[in-house]
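**Student:** This is the structure, below, for whatever I ask next.
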Amino acid sequence: MNKPPTTPSLGDVLDLARQLTRDEVASGPTLRHRDRAVGRELAALEGKPLPQLLAWLHRVQEDDGSSQAGRVNGLHRLGLALLALAGLLAGWGAAAVVFFYDGTHPVNVIHVLAVFVLLPLLLLVGFAIGQLPSRLTSRVPGLGGLQDAVGLLSPGRLQRVLARRLPQQHRDTLAGWLGRGQIHRRLYGRVDRWMVVHSSQTFGLAFHVGAVASALYLVVFSDLAFAWSTTLQLDAAQLERWTTLLSTPWAWAWDGARPSAELIASTRYFRLGDGSFPAAQSPAGLGGWWPFLAMAMAVYGILPRLLTLLLARWRLRAALRRTFLHLPGLDDVRMRLNHALVETQADEPDADVAEAGAATPAAATSLHGQPAAVVIWAGAAEAGEATAGWLASRLGITAASWHQAGGASTLDADRAALQAAVATGRALLVLVKAWEPPMAELTDFLRALRQAAGQDRRVHVLPVGPSAGDAPTLPEAHHQDLWRRALARLGDPWLGVVTCEGERS
């Protein structure tokens, strides 16, 4: 087995998402036996989630050859290379235009500074504002209102208006698509954002490298003449102060790259007829600006883009790690990997148990062995020892507390129930009637539960069949599928349906 990397790539994240999707439809015993074997191999990595899960992913996909990480990463690198090439060509072309000199009018220093110093600095300010956290930007007067105005113009609002006019069947289809889109944004939003930033900074860095290379090429292989001209009330002394300020980062090492007062005074240019200079100037002296311009383009163009590229690369790697570790279903994988190492259950059931036709326990999930706050929605089950015993035998869950919501409960009672369940700090399990489709009251309750529980905390929904005595029964398979599709429309990746296996009444 090849040694897996310790940091997930984009391909690893997508591979993991596909693997978890495939595991959703796999049988519990199959997953248990597979991950039990892998868990034993990776016993040394227990307690190290990222290396363990990466090694698990590579081990599982090595067996079936389903990994697409190499192809995805190769395409990503190819895309960055094409962007860099486009940036080099664009920068080369932009410098060729700005530094164009046909022997009549000199290259205007002000134009060069505006395009390759001022504009990059303004873009850098915009980049910095864009990376500020929302809690900070909301305090800046006017910025919060601007963000709200943009939100009002979002096409998503128009989609909701149009969706209300569609037939029910089409509304359900559209809700499913929108739910998947919301899941994508919540799961991969940070990765998408930093991929875009990383790509843009790659292009930006290549653009400025191409511009500097083009400028130096023209300096070396052609005869450029530089001057400065502007309609603004700017005299030579004022321009000298600005150029001295701009030269501060490198003047200590290369004083020749700082324009002298004599050079500035003698190269002011007025476009009168064919152009005129206020003082006699030799043709060789007109090229004295190039060291300053080259250094300014490098320091204020290349260096900031290099730093922002490194920042974007760091943040992209952090986003990939966070997304990799927070994909829904990973808690179940870790439970199967690590719980199997200490469980004492035999690999095969005892003969007397098998002959008795006992139901097969569900696959170990993140709920297995955990005390849970159980919310019973609309009387789906009885809160008591019978239901607690059923949960323990079916899922290995200890019902630590019971909370009633829905049905005849008031809105205030529902809010109190969800707050009490969240306050326990335990796993959250909602029991619902499998044979009843989810209504608006339940979806509103689940949204409120998510808001109270916070992001990334799993909320488990368990559809149950009609009670036999005091204990619930297993739901029909098609009811579980119905609930899985219905809850997917909510766009909450950490909201999932718990499935049970075995005999159904």
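No lab work stands behind these numbers, since they all come straight from the coordinates. The model shown is predicted, which means the values in this text are computed figures rather than measured ones. Reconstructed Cβ throughout: ideal geometry from the backbone, glycine too, with neighbour counts over all protein chains shown.
**Student:** Between rounded, prolate and oblate, where does region 1-80 land on the alpha carbon gyration tensor, with a ≥ b ≥ c its root eigenvalues, rounded for a/c under 1.5, else prolate if a/b exceeds b/c?
**Tutor:** Here region 1-80 falls in the oblate category.
**Student:** Rounded, prolate or oblate for region 369-505? Axes are the square roots of the Cα gyration tensor eigenvalues, ordered a ≥ b ≥ c, and the cut-off for rounded is a/c under 1.5.
**Tutor:** Rounded shape, in that the Cα axes give a/c under 1.5.
**Student:** Tell me the GluC sites (Glu not before Pro) within region 27-127 that lie in a loop according to DSSP and have at most 15 other beta-carbon atoms within 10 Å.
**Tutor:** Of the GluC sites (Glu not before Pro), the ones in loops of region 27-127 whose Cβ has at most 15 other Cβ atoms within 10 Å are Glu46.
**Student:** Name the long-range amide H neighbours of Val498: under 5 Å, sequence gap of 5 or more, or other chain; modelled H, no Pro or chain starts.
**Tutor:** Val461, Leu462
**Student:** Okay, next question. How large, in Å, is region 410-483 by the Kirkwood hydrodynamic radius built from its alpha-carbon pairs?
**Tutor:** Value: 13.4 Å, from the Cα pair sum.
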